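Visitor: Sharing a structure below in structure tokens format, with a few things to ask.
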Amino acid sequence: MLFKKRTYATIQLPKTKEPFVQTEADPISRGEVIPEGDFHKCPNCGEIFYAEILKTTEGVCQKCGQHLRLGARERIAQITDVFDEFHMRMEETNPLDFPGYEKKLASYRERSQEEEGVITGVAEIAEQRCILAVMDAGFMMGSMGSVVGEKITLAVERAKAEDLPLIIFCASGGARMQEGIYSLMQMAKISLAIEAFSKAGGLYISVLTDPTTGGVTASFAMQGDLIVAEPGTLIGFAGRRVIEQTIRQILPEGFQRAEFLLEKGFVDRIVPRNEMKETLSGILRLHGGIR
Amino acid sequence: MKEKMKRLERELKRLEALQADGIDVSEAIDKRKLELKALKVDFPMDAWDRVIKARDAKRPVASQYIESLVEGFMEFHGDRRFGDDPALIGGVGWIGDTAFTILGQEKGVGTKERVKRNFGMLNPEGYRKAQRLMKQAEKFQRPILCLVDTPGAFCGLGAEERGQGQAIAESLTIMAGLEVPVITIVIGEGGSGGALAMSVSDEVWMMENSIYSILSPEGFASILWKDSSKAQEASEVMKITAQDLESFGMVDRVVKEPEEFSIETLPSVIESIREMIVETAAAYQALPVEALLKKRYEKFRAMGKVSEKEGME
Ligand SMILES: [Zn+2]
């Protein structure tokens with residue numbers, strides 16, 4: 001089947017951005033974390049909002065319903081009533097001695113005031129206790145390095161040890177290139193932890209948020225007992241551009257979106273942001289939580 | 001030094017052409033051969049040399065390993081869900097006196113076969129065929145041998161529609177819980193998640209000139225430096241050789257290769273690993289299941305370098 005050539009297939013990404021790994025989202029998905037500034041433009045319909053107003057709508061565009069990307073802190077504030085963070089105080093060691101990696105990390109740390117691209121802790125969601133890990137697409141594109149892998153693994157192990165359900169909000173551009181093979185091995189490490197947790201009877205809910213791609217999709221994002229996604233979320237293994245180069249075709253609109261994955265049978269439910277808390281607490285209740 | 005070697009190799013080629021034309025330059029040829037040999041000892045191959053070797057069309061592929069290593073191999077097809085992926089050969093056969101389940105990512109020999117095998121790039125049904133045969137191996141208490149040789153999982157429209165990410169994720173889950181020993185040998189290219197999906201194993205071995213990486217050097221260069229022609233440079237900083245991975249503790253054994261590694265020299269390599277495969281599998285099979293799983297867990301648990309700051313809670 002032939003698709004009309006679309007101009008956005010060739011749009012260049014801004015130079016200042018950390019490039020995606022194995023994936024390059026089209027502009028529609030390139031929603032930004034809600035900025036500090038006064039105004040924000042919806043990447044889908046172009047509507048301009050006061051940032052303050054956008055915060056009251058949980059980062060959802062009131063004109064077109066686009067779910068803009070959220071920072072991990074903001075996400076946690078929306079979802080939880082109580083959150084007790086695990087302060088891991090961990091740092092990367094630049095395992096490959098990759099030139100410039102420490103500097104890059106330091107600048108992301110300073111900008112975000114976070115140690116890394118995932119925040120973990122014990123949460124209460126409408127009186128339901130669980131272990132919660134929230135990835136941040138804004139921290140080096142949500143790429144998975146040793147610290148992200150270690151923090152998630154520790155969270156899974158904690159869930160197993162304390163017999164608590166586990167929720168992971170996934171958001172990732174893929175691998176942390178600067179850590180090479182160490183990044184790849186995090187997929188194995190986390191998968192082993194999740195399998196052990198699962199065998200012990202633990203409940204794991206995977207929540208896919210924009211974008212969930214690459215190695216995260218090929219591991220814990222798809223290993224949930226239940227997999228829910230926010231509307232419009234980009235979910236895929238390979239990036240759009242890589243696929244288009246491989247098959248020499250322009251991909252259809254909506255390809256690799258949450259709705260597409262629901263249709264193909266890879267997602268349990270699509271849950272709008274304003275129903276996420278209720279949905280998660282409902283699932284937790286149905287799996288032995290406080291009713 | 002690299003330049004000097006390249007110059008010598010070029011000169012050697014020219015001289016050999018002259019020799020073939022009937023002009024006697026054998027003395028000059030011998031002189032350069034000796035010089036080259038000395039240089040090779042002093043300066044081992046760099047990562048890019050190994051990338052080239054790992055991808056060499058003459059390099060033995062999985063089906064040739066199986067033919068040489070396995071007696072009475074019986075191939076079993078299909079994932080029982082969608083189809084049969086020609087990029088994955090699966091089946092059962094004898095290695096020594098032990099029946100193994102063997103899974104090989106197959107690049108194929110010759111253009112026609114290589115196209116049919118999709119150059120060793122699996123679709124989701126390839127991973128699902130592997131999963132099915134792994135679970136079967138577990139049921140019948142057979143050890144598993146995986147041969148990894150893939151540029152990566154296939155990046156196609158159908159592959160995404162049928163859940164490439166989910167397929168790999170499930171392979172990781174299944175391997176995490178397998179109650180029989182699994183040995184993986186990376187025989188050529190170990191490309192990304194497509195390789196990892198057959199490598200959550202009790203032992204991972206690599207052939208001397210194989211590579212194992214997060215992404216191809218070309219892809220890496222194009223993403224980080226926006227220039228895929230810098231692949232050679234990328235291959236050095238990525239640390240993808242068997243020797244690198246052994247030094248990281250991610251690979252348990254590096255298998256020596258002959259100077260010219262091809263179907264002709266493969267049997268000598270097979271003879272050097274046959275016993276090792278059987279004995280390694282037997283050693284893991286002797287462990288109680290719980291100990292086997294714990295060992296595998298701890299092996300991968302240790303991977304990833306982080307430093308903890310003062311005052312960790
Ligand atoms: Zn909008």
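Visitor: Could you please find all residues in the stretch A:104-134 being basic (Lys, Arg) and at pLDDT 95 or above? Walk me through how you get there before you give the answer.
Guide: We begin by selecting, within the stretch A:104-134, every residue basic (Lys, Arg); these are A:104, A:109, A:111, A:129.
Correct list: A:Arg129 only.
Visitor: Do you know which residues across the stretch B:240-256 are in a loop (DSSP other than H, G, I, E, B) and surrounded by fewer than 21 Cβ atoms within 10 Å (Cβ to Cβ)?
Guide: We begin by selecting, within the stretch B:240-256, every residue in a loop (DSSP other than H, G, I, E, B); these are B:240, B:248-252, B:256.
Within the stretch B:240-256, B:Phe248, B:Gly249, B:Asp252, B:Lys256 qualify.
Visitor: While we're on this one: Please report, ordered by residue number, the helices (runs of 4 or more DSSP H) entirely within the stretch A:201-291 with at least 2 residues that are in contact with a helix residue (DSSP H, G or I) (Cβ under 7 Å, 6 or more places away or on another chain), modelled with pLDDT of 95 or more and more than 14 Å from chain B (Cβ to nearest Cβ).
Guide: Passing ranges, in order: A:273-286.
Table: residues versus (1) modelled with pLDDT of 90 or more; (2) outside the structural domain of A:Asp210 (by TED's automatic domain parsing); (3) hydrophobic (A, V, I, L, M, F, W, C); (4) in contact with an Asp or Glu (Cβ under 8 Å, 6 or more places away or on another chain).
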position	(1), (2), (3), (4)
A:Lys41	no, yes, no, yes
A:Gly46	no, yes, no, no
A:Phe49	no, yes, yes, no
A:Val60	yes, yes, yes, no
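Visitor: Kindly check whether there is at least one residue in the stretch B:178-187 that is within 12 Å of chain A (Cβ to nearest Cβ), over 30 Å from B:Val237 (Cα atoms) and in contact with a helix residue (DSSP H, G or I) (Cβ under 8 Å, 6 or more places away or on another chain).
Guide: As a first pass, look at the stretch B:178-187 and keep what is within 12 Å of chain A (Cβ to nearest Cβ): B:178-179, B:184, B:186.
Among the residues that remain, those that are also over 30 Å from B:Val237 (Cα atoms) are: B:178-179.
Filter again for in contact with a helix residue (DSSP H, G or I) (Cβ under 8 Å, 6 or more places away or on another chain), leaving B:178-179.
Checked against the condition, which is being within 12 Å of chain A (Cβ to nearest Cβ), over 30 Å from B:Val237 (Cα atoms) and in contact with a helix residue (DSSP H, G or I) (Cβ under 8 Å, 6 or more places away or on another chain), the stretch B:178-187 yields at least one hit.
Visitor: A follow-up question, please. Hey, among A:Ala193, A:Ala229, A:Ala221, which residue is under 22 Å from B:Ile214 (Cβ atoms), of a type outside the set (Ser, Thr, Tyr) and within 15 Å of the chain's Cα centre (by Cα)? Please lay out each step first, then the result.
Guide: Details: A:Ala193 fails: within 15 Å of the chain's Cα centre (by Cα); A:Ala229 fails: under 22 Å from B:Ile214 (Cβ atoms).
Step by step, each of A:Ala193, A:Ala229, A:Ala221 is checked, and only A:Ala221 is under 22 Å from B:Ile214 (Cβ atoms), of a type outside the set (Ser, Thr, Tyr) and within 15 Å of the chain's Cα centre (by Cα).
Visitor: Run down A:Gly180, A:Gly121, A:Gly201 and say which single residue is closer than 18 Å to B:Phe300 by Cβ and among the small types (Gly, Ala, Ser).
Guide: Residue meeting the stated conditions: A:Gly180.
Visitor: A further question follows. So which residues in the stretch A:41-76 are surrounded by 14 or more Cβ atoms within 10 Å (Cβ to Cβ) and away from the ligand (no atom under 16 Å from the Cβ)?
Guide: A:Gly71, A:Ala72, A:Arg73, A:Glu74, A:Arg75, A:Ile76
Visitor: Further question: With the condition being under 16 Å from B:Gly191 (Cα atoms), I'd like the strands (runs of 3 or more DSSP E) fully within the stretch B:81-155 carrying at least 2 qualifying residues. Even if it seems obvious, please write down each step before you answer.
Guide: Values: elements: B:88-95, B:98-105, B:144-150.
The strands (runs of 3 or more DSSP E) meeting that bar are B:98-105, B:144-150.
Visitor: A further question on this structure: Residue check: is A:Phe86 away from the ligand (no atom under 16 Å from the Cβ) and either farther than 30 Å from A:Asn274 by Cα or outside the structural domain of A:Thr153 (by TED's automatic domain parsing) (or both)? Spell out the reasoning first.
Guide: Details: away from the ligand (no atom under 16 Å from the Cβ): yes; either farther than 30 Å from A:Asn274 by Cα or outside the structural domain of A:Thr153 (by TED's automatic domain parsing) (or both): no.
Spelling it out, it is not the case that A:Phe86 is away from the ligand (no atom under 16 Å from the Cβ) and either farther than 30 Å from A:Asn274 by Cα or outside the structural domain of A:Thr153 (by TED's automatic domain parsing) (or both).
Visitor: If you check B:Ser268, B:Ser247, which single one turns out to be within 30 Å of A:Met140 (Cα to Cα) and among the small types (Gly, Ala, Ser)?
Guide: Details: B:Ser268 fails: within 30 Å of A:Met140 (Cα to Cα).
The unique qualifying residue is B:Ser247.
Visitor: How many of the residues in the stretch A:96-113 are under 24 Å from the mean Cα position of the chain (by Cα) and in contact (Cβ under 8 Å) with a residue 24 or more places away in the chain?
Guide: Summing the residues that are under 24 Å from the mean Cα position of the chain (by Cα) and in contact (Cβ under 8 Å) with a residue 24 or more places away in the chain in the stretch A:96-113 gives 5.
Visitor: Kindly establish whether B:Ala169 is touching a residue at least 40 places away in the same chain (Cβ under 8 Å) and assigned to a helix (DSSP H, G or I).
Guide: On the way: touching a residue at least 40 places away in the same chain (Cβ under 8 Å): no; assigned to a helix (DSSP H, G or I): yes.
So B:Ala169 does not fit the description; no.
Visitor: Return yes when B:Glu236 is charged (D, E, K, R), under 30 Å from A:Met88 (Cβ atoms) and more than 10 Å from chain A (Cβ to nearest Cβ) and no when it is not.
Guide: On the way: charged (D, E, K, R): yes; under 30 Å from A:Met88 (Cβ atoms): no; more than 10 Å from chain A (Cβ to nearest Cβ): yes.
Spelling it out, it is not the case that B:Glu236 is charged (D, E, K, R), under 30 Å from A:Met88 (Cβ atoms) and more than 10 Å from chain A (Cβ to nearest Cβ).
Visitor: Take the residues of the stretch B:62-92 that are β-branched (Val, Ile, Thr) and within 9 Å of B:Gly104 (Cα to Cα): which is surrounded by the most Cβ atoms within 10 Å (Cβ to Cβ)?
Guide: Among them, the one singled out is B:Ile89.
The values are calculated or read from the model by the stated rules, or taken from the named source; none is laboratory data. This is a predicted model, so every value here is computed, not measured. Using ideal geometry, Cβ is built from the backbone for each residue, glycine included, and neighbour counts are taken over all protein chains shown.
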